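Shown next, in structure tokens, is the structure this report addresses.
The values are calculated or read from the model by the stated rules, or taken from the named source; none is laboratory data. None of the values given here were measured: they were computed from a predicted structure. Note that each Cβ is placed from the backbone with ideal geometry, even for glycine, and that neighbours are counted across all protein chains shown.
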Amino acid sequence: MGANPLIGVIYHWIGGFASATNFIPFRGIKRWSWEVYWLIQGFAAWIVAPLVLCSIFVPHTATILMEAPRHTIYLAMFWGILWGVGGITFGLSIRYLGLALGYAIALGFCTFFGTLMPPIFAGTFGTVLHDRSGQIVLGGLALCLVAIAVNGTAGYLKEHEVTEEEKADAGERDFSFARGLAVAIFAGFMSAFFSVGLSAGKPIGDIARAHLVADGRLDLWQNLPVLIVVLWGGFITNLIWSGILIYKNKSAAEFVGQPGRNPLRAAAVSGNTIAGFDPTDPSLLRLSTKTLIANYFLAALAGVIWYFQFFFYSMGQTKMGHFEFSSWTLHMASIILFATLWGVLLKEWRGTRSRTKMLVTLGVCLLIGSTIVVGYGNYVKTNETAPATISAHK
């Protein structure tokens, strides 16, 4: 199947919606510590979902991974491990900045670094700079940076306009713009290594494509085995960090019903989460079986939803033509867009002035504009290479 940037953009937007939605199930989890439900969602997102869905759409998944060069496996896992550090700190940025602003700033920087790193590591960035279509793509990336600045300004104003009561009601009891900004920049930089991992795992995708074509299947699924390997690395990092916190906080018993704390403060103070309880209350010594099952389900659901972002990302990447590295920009911009809309629905901007709300609206519009510009850059590149390809076959 050939390149089709329009279809690619649609896939990236679906993936962006899935990513922006993945934190929503966390809001329903009752009296569990962050490290407990984070580990469960991570196991569902980074181990179970990739293996199950890849096995459905890509026959001989185990054979493909065995045929892949060992150094490719190890390198993709290494970048996944570094990305895992970004995933951990990304959760902190949501804690300090809220859903909308945390996504906007952390993933804004992730967009910038993640789009540039693959061609820089591959040694092809000079070609991008001198190619007209590459310049258009970089222009879209610059527009995305402007959107980060606009959203950051809105966040700074919000901190000085919203009362502590309004922050608590929106589930933002720990809102801190300065602390959140520092964490978000680091999280964005480290999260960008996922893009590098996908590029490093390209030989795995090539092997998968050969198997798919031989079996008469769509090569649309060729990058699903790559996701398995990169996500293995991410799970290792998160498993280690969650294990450290579980040991430090003595929260292992929460897996079987002991109540705990929720430092992410994902939900409003409603009496349904630990934020609304006194943890020393003897009547709260154990969770009911119904609550425990619901917690497991919601944490796993969050993980599966999270995985679908890269399920559709891998499909969109196959459609973006020669400048597929710009897929990262499209993906990140769509996540920020939908996260901002979730923030509006969850009333995270209630209590701010009209000027601040206008800045948020402007930031969203700029993100949409950056997506259009990057998509157009890919369209130009596809048209540039098509005639040459036709002539080569004559």
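Worth pointing out:
- Candidates in segment 345-360 are the residues that are surrounded by fewer than 16 Cβ atoms within 10 Å (Cβ to Cβ) and modelled with pLDDT under 85; of these, the one that is farthest from the chain's Cα centre (by Cα) is ARG350.
- Residue count for segment 21-53 under the criterion of being over 18 Å from GLY84 (Cα atoms) and in a helix (DSSP H, G or I): the result is 9.
- The set of residues in segment 202-256 being among the basic types (Lys, Arg) and closer than 18 Å to ILE64 by Cα consists of LYS202, ARG209, ARG217.
Condition check ((1) on the phi < 0 side of the Ramachandran plot; (2) over 15 Å from the mean Cα position of the chain (by Cα); (3) not small (Gly, Ala, Ser)) across all residues:
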residue: ALA45; (1), (2), (3): yes, no, no
residue: SER55; (1), (2), (3): yes, yes, no
residue: THR61; (1), (2), (3): yes, yes, yes
residue: PRO69; (1), (2), (3): yes, yes, yes
residue: PHE90; (1), (2), (3): yes, no, yes
residue: GLY98; (1), (2), (3): no, yes, no
residue: ALA104; (1), (2), (3): yes, no, no
residue: LEU107; (1), (2), (3): yes, no, yes
residue: MET117; (1), (2), (3): yes, yes, yes
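- Pairs, first part of a loop (DSSP other than H, G, I, E, B) in segment 279-299, second at pLDDT below 80, C-beta under 8 Å, six or more apart: PRO279/GLY260; PRO279/ARG261
- Residue check: ILE390 meets all listed conditions (1) over 22 Å from ILE204 (Cα atoms); (2) in contact with a Gly (Cβ under 9 Å, 6 or more places away or on another chain); (3) at pLDDT below 75 but one, namely (2).
- Any hit, segment 331-344, residues being modelled with pLDDT of 80 or more, β-branched (Val, Ile, Thr) and in contact with a helix residue (DSSP H, G or I) (Cβ under 8 Å, 6 or more places away or on another chain): yes
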